[in-house]
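The values are calculated or read from the model by the stated rules, or taken from the named source; none is laboratory data. No experiment lies behind these values; they were computed from the predicted model shown. Because the Cβ atoms are built from the backbone with ideal geometry, glycine has one as well, and the counts that use them run over all protein chains shown. Keep in mind that these areas ignore ligands, DNA and RNA; they rest on the heavy atoms of the full protein, side chains included. Shrake-Rupley method; radii C 1.70, N 1.55, O 1.52, S 1.80 Å.
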Amino acid sequence: MTRTIKLAALAPALLLGGCLSLGGEAPDSLLTLTPATTAPAGTGASGSQNSALVLSEFEVPKALDVTRVPVQVTDTEIAYLQDAVWVERPARLFRRLLAETIRTRSNRVVIDGDDPGVSANDRLQGSLRSFGYDARTREAVVTFDAVRNGAGSAVVTRRFEARVPVAAPETAFVGPALNRAANDVAGQVADWVG
């Protein structure tokens, strides 16, 4: 009788298990961005409100506000690269990469994101315009429009872009090329903010 009670108790769980789906098939691997250089453990920086830099959340077009890799097929057509999935949205990955690049190149205090407890006079905002594969030119393309405080009440903007050739439109080639292009743009921005 005990065995019958146990089976009866498990039956709903077994039936429910067949009905639940926790999403589609998991991809074989996920793409991420890796900084060209990282600060070693134990390093830090200190500074004032005048020398600290805050990286605010970056704007993105809807085509980039997903974890898929966009492919610019024509001037007016976008598709997504098959089997290419980011570990999280590209704007967040790029912001962290940019923060680490600025941190290692300048030894500045860099605050990645909005922290209400931290106040800094220098803010870097912007729009990630392109972050994908251009099938027309066979290149990985990263374009970032940066906006930051200038002297007094001035605002300064600048567009940064990197293009890296891609051997084939496959995840194994596009992912590393996007990583190189993102690191190139992050280096350009780091040099600009000094």
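Summary of computed values
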item	result
Selection from the stretch 52-86 of residues that are surrounded by 19 or more Cβ atoms within 10 Å (Cβ to Cβ) and farther than 20 Å from Gly175 by Cα	Ala52, Leu53, Val54, Leu55, Phe58
Subset of the stretch 130-158 [open to solvent by 70 Å² or more (accessible area, probe 1.4 Å) and in contact with a Phe, Trp or Tyr (Cβ under 8 Å, 6 or more places away or on another chain)]	Arg158
Candidate set: the stretch 144-184, residues that are touching a residue at least 40 places away in the same chain (Cβ under 8 Å) and polar (S, T, N, Q); chosen: the one farthest from Pro90 (Cα to Cα)	Thr171
Count of residues meeting criterion [assigned to a helix (DSSP H, G or I) and either in contact with a Ser or Thr (Cβ under 9 Å, 6 or more places away or on another chain) or buried (at least 19 other Cβ atoms within 10 Å of the Cβ) (or both)] in the stretch 92-113	12
